[in-house]
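Trainee: Here's a structure for you.
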Amino acid sequence: MEQLLQQIEKYKQEIAAVTHNGPDSTEAYRIKFLGTKGIVKNLFAEMKNVPNEKKKEFGQILNEFKQLAEAKYESLKKSAGATEEAAPDIDLSLPGDELPLGTRHPISLVKNEIIHIFGRLGFSVAEGPEIEDDWHNFTSLNLPGDHPARDMQDTFYIHKNPDWLLRTHTSSVQARVMEKQKPPIRIICPGRVYRNETISARAHCFFHQTEGLYVDENVSFADLKQTLYFFVQEMFGKDVKVRFRPSYFPFTEPSAEMDINCRICGGVGCNVCKHTGWVEILGSGMVHPKMLENFNIDSNKYTGFAFGMGIERICQLKYRINDLRLYSQNDIRFLKQFISAV
Ligand code: 2NL
C-alpha cells in the first residue's frame, strides 16, 4: 500500500510536468495513463491486493488520481485547438491584396486649387450652413422681395418654414462673416448651392461656387482686377488673356464680368465659347455701400470688392468636362480619370 501511494505521487508529478507538444504526444499521454493497459487501469487492478480496511481510503485516492489524469488530457486537447486557431492556414509571406484607392473628385481638386491660390493672397476660407434663412441668403444682400433670384422657380424653400431655404449662392456665408467680424475681411467661401432647375447637360439642381470678399480701407477696383487677373494666371497659365465687361449684380456697384480667352479651342471658335473665343468665368464688383451699412460697416471708411464663380465652369475649362451630370453620377470610368491629379 505505502509503495502504491508513493508510486501515485510520482505519477502526479509526471502528469504535472506534461506540456502540450502536438497531437502525437497528447495521444501518447492518453495511451500511457488512460488506455486499456494504461496506468489508471493497472492501479485499479491493484485494488485486489489492498487490505479490506484500506480499500475505501485507497479507492478515494485512485478516483482523485483518475480525475486528475483525465482533466490533464482534456486540457491538452484544448491547447491543441487554441494552437490551431492561433496559427491559421495562411502563407504570411505572400503579397497582400491590393486595395483599390479612390480618387479626388474633380470638383474637390479645383476647389482645393482655388483655396490654395487665394490663400497665397491672404484669403482665408469661411464656411456656413447649406440650409439658410431669408435674411442671410437674400434680404441682407440687397436682394429685394421682387428680385428674380428670389423667384419660387429658382429657390428650394423648406415646406415647414418658408423662411428657410437651400442657399442659392455662398454669399450667405459672407453675410454671416460680416455680421460677426469687423474689417479687414479677406475670405473666400467655397461650397455647394442649390437651384430649382431641370437637370440637363448645362444645368443641375445643385452645383458649387466660390465667392470672395475683401473689405478694408482703400480697397479699389484696381485691386479687384489685379486679384482676379492673378487668380486666372495661376489657374490657367501666364498666357491667359482676360476681358472685363460691365455687368449688373444686386450686391455690387459697379459690377463686372470677367472673360478669359477660350482654353478649349484657343480662340478659333468652339461650342464652349460659342464661337466667340471668350468664356465668361466669373462675376464681380465693388460691394454696394448699402450692403456694408446692413452689417454696420461704415461705408465712408471702408470699401470692398466681391466676386463669385462656378467651380463646375472652371473644371470644364481645365478638364474639358462638358456635361454637368457627370459630376454627380459617380461613374467610375469618369472618376478614375483623375487618379493622377492632386
Ligand atoms: C457670379 C456672380 C457674384 C458677388 C457674387 C457678393 C457677396 C457679398 C457682397 C457682394 Cl457678401 N458681392 N458676391 C458679387 C458679384 C458677383 O457672383 O456669376 N457667380 C457665379
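The values are calculated or read from the model by the stated rules, or taken from the named source; none is laboratory data. These figures come from a predicted structure and were not determined experimentally. Here the Cβ positions follow ideal geometry from the backbone for every residue, glycine too, while neighbour counts run over all protein chains shown. Keep in mind that these areas ignore ligands, DNA and RNA; they rest on the heavy atoms of the full protein, side chains included. Shrake-Rupley method; radii C 1.70, N 1.55, O 1.52, S 1.80 Å.
Trainee: Using amide H atoms built in the peptide plane, which far-off residues or other-chain residues are under 5 Å from CYS270 H to H?
Mentor: HIS275, THR276, GLY277
Trainee: Run the accessible area of the stretch 124-180 with a 1.4 Å probe and give the carbon-and-sulfur part as a rounded percent.
Mentor: Answer for the stretch 124-180 is 57 percent, counting heavy atoms of protein chains only.
Trainee: Placing unit charges on C-beta atoms (Lys and Arg positive, Asp and Glu negative, everything else neutral), compute the dipole magnitude of the chain about its Cα centre in debye, rounded to 20.
Mentor: Numbers: 42 positive and 44 negative charges, 133 e Å.
With Lys and Arg at +1 and Asp and Glu at -1, about 640 debye.
Trainee: Between rounded, prolate and oblate, where does the chain land on the alpha carbon gyration tensor, with a ≥ b ≥ c its root eigenvalues, rounded for a/c under 1.5, else prolate if a/b exceeds b/c?
Mentor: It comes out prolate by the Cα gyration axes.
Trainee: Between 0 and 90 degrees, rounded to the nearest ten: what's the tilt of helix 171-180 against the longest Cα principal axis of the chain?
Mentor: 90 degrees
Trainee: Mind jotting down the distance between the C-alpha centroids of the stretch 54-128 and the stretch 241-282, whole Å?
Mentor: Cα centroid to Cα centroid, the span is 57 Å.
Trainee: Using the structure shown, list the pairs from LYS32/LYS56; LYS12/LYS78; LYS160/LYS180; LYS54/LYS77 with a Cα-Cα distance above 32 Å, or answer none.
Mentor: LYS54/LYS77
Trainee: Report relative contact order for the stretch 1-136 in percent, whole number only (criteria: Cα-Cα under 8 Å, sequence separation at least 6).
Mentor: Over the stretch 1-136, the number comes to 22 percent.
Trainee: Using a 1.4 Å probe on the protein heavy atoms only, what accessible surface does SER93 show? Give it in Å² to the nearest 10.
Mentor: Roughly 100 Å² of SER93 is accessible to a 1.4 Å probe.
Trainee: Probe of 1.4 angstrom, ligands and nucleic acids ignored: what's the accessible area per residue over the stretch 2-74, in square angstrom?
Mentor: 69 Å²
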